[in-house]
Amino acid sequence: MGRAKATLPLDAGDTFLTRIVRTFLDAGVDDVVVVVGHDADAIVRSFSESGLPARFAVNRQYDRGQLSSLVAGLGVVDRPGVAAVLVTLVDVPLVSAATVRAVIECYRRTRAPVVRPTSGARHGHPLLIARSLFDALRAADPIAGAKPIVRAHASPLGDLEIADEGSFTDIDTEEEYRKVIDGAD
């Protein structure tokens, strides 16, 4: 889109990033880590104005793809007592706190190694990945990314039917962004 999606304004004074962090906090997530790469300083500076609590991890190899950001985030959160990680992309800012809570509850109930919102054949965000897969993610092919690991460990237990369109709304273009902004008015 030619600019940092994390800093794009939404409604009620939120940016994509502040909306995501606020949603995770509202859902009861107690440790939010934001992985930044390109334009890291500007994103952190913009976010700091929100007053929201979050930690930042810098992915200096962001040009190597999304897996490198996931691995950078794991480097910050992987410690004793961490059972799983919730992952979302900055361009999926409209997911609801209820969906985040439902994903967490599904994991607690089933212990499925991958929990993901679904709607028919669609898979959404956030994605929950159990600690048992952290090493596989670190060793994954950077070109293939996390998808082969997620697909190999996805199961009916972890596929959670969700009606939240925000979980499936990926804003990648100026046109998609305009539709979201115009719909918010």
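Computed values, structure above
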item: Length-normalised contact order for the stretch 5-87 - Cα pairs under 8 Å, 6+ apart - percent; result: 25
item: Residue-span extension gain [E176 to R45] - 0.36 nm each, minus C-alpha spacing; result: 44.6 nm
item: Test item: Cα-centred dipole of the stretch 1-153, Lys/Arg +1 and Asp/Glu -1 on Cβ, debye; result: 480
item: Electrostatic dipole magnitude of the stretch 109-185 [Cβ: Lys, Arg +1; Asp, Glu -1; Cα centre; debye, to 20]; result: 680
item: Residue-level accessible surface for K179, protein heavy atoms, 1.4 Å, Å²; result: 140
item: Diffusion constant of the stretch 66-141 at 20 °C, which comes from Stokes-Einstein with the Kirkwood Cα-pair radius and 1.002 mPa s, µm²/s; result: 163
item: ³J(HN,Hα) computed for each position of the stretch 56-72 - Karplus, 6.51 cos²θ - 1.76 cosθ + 1.60, integer Hz, glycine/proline x; result: 10, 10, 9, 9, 6, 10, 4, 6, 8, x, 4, 4, 5, 6, 4, 5, 4
item: Three principal axis lengths of the chain [C-alpha, angstrom, descending]; result: 39, 36, 30
item: Local net charge near D164, Cβ-Cβ under 13 Å (Lys/Arg +1, Asp/Glu -1); result: +1
item: Listed residue (G65, S119, T169) projecting farthest to the positive dipole end of the chain, Cβ model; result: G65
item: Carbon plus sulfur fraction of accessible area for the chain, probe 1.4 Å, in percent; result: 52
item: Between the stretch 123-148 and the stretch 22-42, the alpha-carbon center distance in angstrom; result: 19
item: Kirkwood hydrodynamic radius (C-alpha pairs) into Stokes-Einstein, the stretch 10-117, 20 °C and 1.002 mPa s, D in µm²/s; result: 146
item: Where the chain is the region considered: accessible area per residue in Å², 1.4 Å probe; result: 53
item: Relative contact order of the chain, pairs being alpha-carbon contacts under 8 Å that are 6 or more residues apart, as %; result: 23
item: Nonlocal amide H pairs with A84, under 5 Å, H built at 1.01 Å; result: R131
item: Student exercise, the stretch 92-152 dipole from Lys, Arg, Asp, Glu Cβ charges, in Debye to nearest 20; result: 180
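The values are calculated or read from the model by the stated rules, or taken from the named source; none is laboratory data. None of these values were measured; they are calculated from a predicted model. Reconstructed Cβ throughout: ideal geometry from the backbone, glycine too, with neighbour counts over all protein chains shown. The accessibility values were calculated without ligands, DNA or RNA, using every heavy atom of the protein model including side chains. Shrake-Rupley method; radii C 1.70, N 1.55, O 1.52, S 1.80 Å.
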